1. How many residues does the stretch 13-57 contain that are modelled with pLDDT of 95 or more, in contact with a Pro (Cβ under 6 Å, 6 or more places away or on another chain) and open to solvent by 50 Å² or more (accessible area, probe 1.4 Å)?
2. How many residues does the stretch 61-72 hold that are crowded, with 20+ Cβ neighbours inside 10 Å and either free of Cβ contacts under 8 Å to residues at least 24 places away in the same chain or hydrophobic (A, V, I, L, M, F, W, C) (or both)?
3. For residues that are modelled with pLDDT of 95 or more and at positive phi, tally how many sit in the stretch 68-108.
4. Scan the stretch 73-85 and give yes if some residue there is among the acidic types (Asp, Glu), without any contact (Cβ under 8 Å) to a residue 60 or more places away in the chain and surrounded by fewer than 16 Cβ atoms within 10 Å (Cβ to Cβ), otherwise no.
Amino acid sequence: ANTVFHCFTGGPAEVRRCVDLGAMVSFSGIITFKTASDVREAAAECPLDRILVETDSPFLAPVPHRGRPNRPALLPVVGAALAEARGEPVERVAAATWANAAVAYGLD
């Protein structure tokens, strides 16, 4: 993918458009926010091979860390919320997002 939608904040319609464009979609701590039901719905609809997770450190700390600086160590909190929104095991989402990151960023 040549495009990554960083810190995705859209809903299902927007995620479908991103996927149609061939882009990756990156979910941040926003997915844990009480008011972000549209982001969770988008995460549930996004194909697993197009999903990335991020912390956007030092911003957008996930619940229950809101109000404090975000940090890379909180990535598992974001990943767990993503897995919950998708109704999938954390391990499956973690493996997929790792593989997706490798593809998106040319990692070995």
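The values are calculated or read from the model by the stated rules, or taken from the named source; none is laboratory data. Since we're looking at a predicted model, the values are computed, not measured. Methodologically, a virtual Cβ is constructed for each residue, glycine included, from the backbone with ideal geometry; neighbour enumeration extends over all protein chains shown. In case anyone asks, the SASA skips ligands and DNA or RNA and just uses the protein heavy atoms, side chains included. Shrake-Rupley method; radii C 1.70, N 1.55, O 1.52, S 1.80 Å.
1. Residues meeting the conditions: 2.
2. 1
3. Of the residues in the stretch 68-108, 1 are modelled with pLDDT of 95 or more and at positive phi.
4. Within the stretch 73-85, not a single residue is among the acidic types (Asp, Glu), without any contact (Cβ under 8 Å) to a residue 60 or more places away in the chain and surrounded by fewer than 16 Cβ atoms within 10 Å (Cβ to Cβ).
Listed here are the residues, each with its yes/no results for (1) of a type outside the set (Lys, Arg); (2) within 20 Å of Glu88 (Cβ to Cβ); (3) in contact with a Lys or Arg (Cβ under 8 Å, 6 or more places away or on another chain).
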{"site": "Arg17", "(1), (2), (3)": "no, no, no"}
{"site": "Met24", "(1), (2), (3)": "yes, yes, yes"}
{"site": "Ser37", "(1), (2), (3)": "yes, yes, no"}
{"site": "Arg40", "(1), (2), (3)": "no, yes, no"}
{"site": "Val53", "(1), (2), (3)": "yes, yes, no"}
